[in-house]
Amino acid sequence: MSNPDKPLAAHTSYPDAPSPWVTRWSHVVAPGATVLDVACGGGRHLQWFAQRGHAVTGVDRDTAAARARVPDAALVTADIEAGPWPLTQEQAEGGGLREFGLVVVTNYLWRPILSHILGSIAPGGVLIYETFASGNETVGRPSRPDFLLQPGELLRACADFHIVAYENGVLHAPERFVQRIVAVRKAQANPGEPPPLGYPLSLKSAF
């Protein structure tokens with residue numbers, strides 16, 4: 001799903017490649033966890049996680065490109081800005097939001113659905129979020145405040161989560177201001193099981 005104010009190539013000179021932020025932190029996601037990609041676009045992150053054994057779900061206004069790229073993905077075609085949040089449980093299951101082991105969002109911001117995004121993360125699940133930030137109006141698009149995160153905005157939104165990583169600054173080629181976070185929804189520990197003290201900061205340190 002694209003904002004009318006958004007550039008075509010946002011994170012890399014190769015816009016079809018997965019975001020380095022997403023690939024860098026994929027090791028935090030539990031093996032086999034279900035994945036939701038919000039505003040999945042052409043399906044680059046659906047493909048990345050499907051190739052690593054995850055069941056993937058994508059939502060966007062137009063899912064044709066994602067379907068061509070990841071035929072086995074569960075795709076929901078919906079306007080999440082104008083319509084209701086489409087990923088809910090059946091009434092027999094409680095009728096709440098569907099929950100996933102990972103929710104990934106890149107190059108997208110629509111503040112009215114942020115609570116739905118956070119509510120779709122299962123206890124112990126992960127949020128990987130990366131999009132444009134305040135300051136980007138000085139170098140290009142998007143330039144409207146509606147599409148730019150304010151300093152610390154993702155930290156405030158994830159105040160009840162365990163923050164694994166957070167960055168706010170400038171990237172190059174192309175030059176853009178970004179804010180990005182990796183956060184884990186806190187889970188109720190099993191009796192006698194201490195909560196995790198931390199998460200590996202790289203795949204190498206995970207072993």
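A few comments on the model shown:
- Listed from fewest to most Cβ neighbours within 10 Å, the set 177, 147 follows the order 177, 147.
- Taking packing as the residue-averaged number of other Cβ atoms within 10 angstrom, the listed peptides 61-70, 80-89 run from highest to lowest as 61-70, 80-89.
- Spin-label pair residue 173-residue 68: with each label point 7 Å from Cα along the Cα-Cβ axis, the two points sit 2.8 nm from one another.
- Whole-Å distance, taken between Cα centres, linking the range 40-55 and the range 64-84: 12
- Approximate spin-label separation residue 146-residue 202, in nm, with each point projected 7 Å along Cα-to-Cβ: 4.2
- Distance (nanometres) between label positions extended 7 Å along Cα→Cβ at residue 82 and residue 114: 2.4
- Each peptide in 165-174, 112-121, 42-51 receives the mean, over its residues, of other Cβ atoms within 10 Å, and ordering these scores from highest gives 42-51, 112-121, 165-174.
- Applying 0.36 nm per residue to the separation of residue 155 and residue 187 and subtracting their alpha-carbon distance, the gain on full extension is 9.7 nm.
Bear in mind these aren't lab numbers, they're just calculated from the coordinates by the rules spelled out. Predicted model, so just to flag it, every value in this text is computed and none were measured. No Cβ is skipped: glycine too gets one built from the backbone with ideal geometry, and neighbour counts run over all protein chains shown.
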